[in-house]
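These notes are about the structure you will find just below.
The values are calculated or read from the model by the stated rules, or taken from the named source; none is laboratory data. Since the model is a prediction, treat every value here as computed from it, not as a measurement. Note that each Cβ is placed from the backbone with ideal geometry, even for glycine, and that neighbours are counted across all protein chains shown.
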Amino acid sequence: MIDLRLLREDPDRVRASQRARGEDVALVDALLSADERRRSSGVRFDELRNEQKSLGKLIPKASADEKAELLKKAGQLAADVKAADAEQHEADEETKRLALQLGNLVHPDVPVGGEEDFVVLETHGTIRDFGAEGFEPKDHLELGEALGAIDVERGAKVSGSRFYYLTGVGALLELALVNAAIAQATEAGFIPMLTPALVRPRAMEGTGFLGQAAENVYHLEKDDYYLVGTSEVPLAAYHMDEILDAEQLPLRYAGFSPCFRREAGTYGKDTRGIFRVHQFDKVEMFSYVAPEDAENEHKRLLDWEKQWLTGLELPFQVIDVASGDLGASASRKYDCEAWIPTQGKYRELTSASNCDSFQARRLSVRLRDGKKVQPLATLNGTLCAVPRTIVAILENHQQADGSVRVPEVLRPYLGGREVLEPVAK
């Protein structure tokens, strides 16, 4: 939720942000109108209540003749106060409803455009020339099946398409990735967290996932719970309705959780293997900081992601995501995309988003600095989305005999194993 004071003072900035996102600009004027009604109805209600209180003091002192007239006026005032209260409530609810539809203000340095209009900021690592090595690379599913690591056939039999089993070394590889990611995050000062996978509506709405992203959210209607698509949601809501002292910040959490996404609108896209699935595990970094430190924290999150991917010895690029491809809560987002050899292109593995005070306003998470109390800033960054990371590792570290070399950073978590070998059939 953006600051309504900023909306009133600089509506053109908000209109420009909506336009850059490809969202409805008319929403800005509708919200301005609702906010004006909310404030004017509040003034009207206060005026009537004050008049009502003043009249209440006169009635006991009035003569018999005056009292009848005053009581008649008091009755009319009571009706007017009730109507003004209802009008104020209605205007307030309308303002909140419209404000929740408005995306965060896009950072002025974000490239304007759609999904393909990102800007490449950095490129890291060397893309292997498999032709020069004398063999054609296999895709992750063929490799995973040969290693006894991935079983999508039985995943589909049990749960449907886009579900899978990680078996044998596949399961061990996930556990190694999670433990290595948590170890790196802990070393960097993050507090490890195991978070709920089911949250109440306010947590999901407060983080901005019931707007444009709602079609990808699983909702348990009978209980009115939502399955999270990222531990960002319970981590953002962890300090909901709290005031944190400035001395406590920054607060950094590394959450591990299962994640659930409907992947609506992606039919026929990435259907092979485990790149785009309905359920996966993820380690997510989350930061609470003072607003003035948000941009620096955003760069720090990106640096930790780059450290992680470099440790996995993956070639990757960093992109500045374009305005039309930002989630509702992000003012700016950096993605790290790993090279996938059999696709011949970079694909998203991690992302780091600066949400400024957008989520904190919705969830009422505030900062106390001396006598001043204000919304703080929240940021999130994926450290390890497990299935996609496995895809990148298998394809980039495969060898001609079908085995896969284990990156050194993961070997301590795999009992010192240096290579994953195909299983005998």
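A few remarks follow.
- Selection from region 311-345 of residues that are in a strand (DSSP E or B) and surrounded by fewer than 20 Cβ atoms within 10 Å (Cβ to Cβ): Q317, D320, K345
- From the options Q101, Q88, residue that is under 20 Å from D29 (Cα atoms), in contact (Cβ under 8 Å) with a residue 12 or more places away in the chain and part of a helix (DSSP H, G or I): Q88
- Set R368, R417: member being more than 24 Å from the chain's Cα centre (by Cα), of a type in the set (K, R) and part of a loop (DSSP other than H, G, I, E, B): R417
- N296 vs. criteria closer than 16 Å to C355 by Cα and among the polar types (S, T, N, Q): yes
- Scope region 244-272; condition charged (D, E, K, R), surrounded by 14 or more Cβ atoms within 10 Å (Cβ to Cβ) and either in contact with a strand residue (DSSP E or B) (Cβ under 9 Å, 6 or more places away or on another chain) or at pLDDT 95 or above (or both); matching residues: R252, R261, R262, D270
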